[in-house]
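Please treat every number below as a calculation from the coordinates, not as lab data. Since the structure is predicted, the reported quantities are computational estimates derived from the model, not experimental observations.
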Amino acid sequence: MPDLLQNILIILLAVIMTLDVQGIAVMTGFPAIIGLFAGLIMGDMQTAMVIAGTFQLMNLGVAGLGGSSVPDYGLATIIGTFVAVRAGVGTGTALAVGLPVGMLAIQLDVLVKMVNTAFAMKAKAAANAGHFKKMNLWLCVGPMCFALKQIIPTTIMVFFGTDAVELILKVIPKWMTEGLNIAGGMLPVVGVALLLHYMPAKKYLTFLVAGFVFSAYLNLPVLAIGLLGFSAAYFIFNVEMNKAATVTSGTINTQVEGDDYDE
């Protein structure tokens, strides 16, 4: 794919991601999903998913609730993938470039929300006056501002990539890039630990041990272990459903027999 077309598609991906989050939320802005599309555009799915997986683990437990602003790890995934593939740098460097962009998005997000407050007031005034077409127009301006928030940093990185990357890498201290490399290796463990914290791990400890044995000692691929896990989950689901049906049936029979006995 020509570089210019890749540049345009990467920018469009950043815009579509933001509009999607503000609307129907198909891609949801999750790095794991965004990385899939970024990998397809850049032609290197493996690199894209490694970067996306790392940012996805950073994203665990982070949510912009109540209008709060959080790092844009979806945008960081797009920039990181673009830099890694286009400049041919390692994933550690790509993370070191993508993460500051995601952090920069916090400041831009706050600015956009402040500006959109004025647009929301104009839309409210138009609604109160019965000018609903004008109201809809003002309501469409808000998402466009969020899209602009993505267009600016993405365009800078895409069209001034080499110079921008070199400038960012000069600003970022060496200890930070090395720390990100170390963190990139540790984050999968942290992510799994966070997931286990919210899962009934004690109840299904047997299956966790079995999965570890399959992976560590039998060297089964992740897909094979996932299929075994799906089989176990489906079996447990059927067993629990049968138990629930039996209990419900027993309760109905008891009530019926009780009614006959009372008569």
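Structure notes:
- Directionally averaged shadow of segment 1-121, computed from the convex hull of its alpha-carbon atoms, nm²: 7.6
- Computed from backbone phi with θ = phi - 60° and the Karplus coefficients 6.51, -1.76 and 1.60, the 3J(HN,Hα) list for segment 206-223 is 4, 6, 5, 5, 4, x, 5, 5, 4, 7, 7, 9, 9, 6, 6, x, 4, 4 Hz; x is used for glycine and proline.
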